[in-house]
Amino acid sequence: MPDLADGIARFQQDVFPAKADLFAHLAGHHRPHTLFIGCSDARVVPELITQGEPGELFVIRTAGNLVPAYTPGANGVTASIEYAVAVLGVSDIVVCGHSACGAMTALAEGHDLSDAPVVAGWLRHADAALARIAGMATGPQKLVALVQQNVYAQLANLATHPSVARALAERTVTLHGWVFDIATGHVEALDTAGTGTALAS
Ligand SMILES: [Zn+2]
């Protein structure tokens, strides 16, 4: 992995020294303000998009930025949500979809996923989003609509997790839906009316 090793060397030589005091503080403190749930897509980098410092974002990245609705029993997504909300006490949760999402494209265009059965099963967590755009003709606008509706659907799933439900009832956490456009760098904040407004674009 020559590229990664080079990157680590540059980090240690050029980046870390300027942030040494921050990392010294972070060595004993972990109080992120935001739980960021995004897609695993390599082009959607939460810390780059938000220009946050280390320690600010608690990040969960899954294929399609999907958040399974709560079910009893342990899994990595549920445990990470609970830890961020109930233990770390984040004040905000962002679910961020994005343009050209492979997961959403597969659903919008009805791709054959028989060679990727686990992916196909995972994408069932977007069934509600898919149902909302069922009447649309296949095309670019269908994908745009599905990406947006998937953010709404995952925010709804998020609210079924007891830690989130409690924080919402106590008004200690605020949910946000974003869509990141890879080609332009724009971030659209979705509102409950579904129209959306650009964030600092
Ligand atoms: Zn994606």
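Inclusion of Thr105 among residues that are in the same structural domain as Tyr70 (by TED's automatic domain parsing), assigned to a helix (DSSP H, G or I) and modelled with pLDDT of 95 or more is warranted.
In the stretch 134-163, which residues are touching a residue at least 24 places away in the same chain (Cβ under 8 Å) and in contact with a strand residue (DSSP E or B) (Cβ under 8 Å, 6 or more places away or on another chain)? Within the stretch 134-163, Val147, Gln148, Asn150, Val151, Tyr152, Gln154, Leu155, Leu158 meet the criteria. Residue count for the stretch 64-98, restricted to those that are surrounded by fewer than 19 Cβ atoms within 10 Å (Cβ to Cβ) and either of a type outside the set (Phe, Trp, Tyr) or within 15 Å of the ligand (Cβ to nearest atom) (or both): 18. If you go through the stretch 146-169 and keep only what is among the small types (Gly, Ala, Ser) and more than 17 Å from the chain's Cα centre (by Cα), you end up with Ser163, Ala165, Ala167, Ala169. Taken as a whole, the structure places Ala131 among residues that are under 13 Å from Tyr152 (Cβ atoms), free of Cβ contacts under 8 Å to residues at least 12 places away in the same chain and either of a type in the set (Gly, Ala, Ser) or part of a loop (DSSP other than H, G, I, E, B) (or both). On the basis of being in the same structural domain as Ala156 (by TED's automatic domain parsing), among the hydrophobic types (A, V, I, L, M, F, W, C) and either on the phi > 0 side of the Ramachandran plot or away from the ligand (no atom under 16 Å from the Cβ) (or both), does Ile60 make the cut? Here the answer is no, as Ile60 does not meet what is asked. Among the residues of the stretch 57-74, those identified as of a type outside the set (A, V, I, L, M) and under 9 Å from the mean Cα position of the chain (by Cα) are Arg61, Thr62, Gly64, Asn65. The residues on offer are Gly102, Gly110, Gly121, and the sole one that is without any contact (Cβ under 8 Å) to a residue 12 or more places away in the chain and farther than 25 Å from His33 by Cβ is Gly121.
The values are calculated or read from the model by the stated rules, or taken from the named source; none is laboratory data. Small disclaimer: the values here were computed from a predicted structure and weren't measured. No Cβ is skipped: glycine too gets one built from the backbone with ideal geometry, and neighbour counts run over all protein chains shown.
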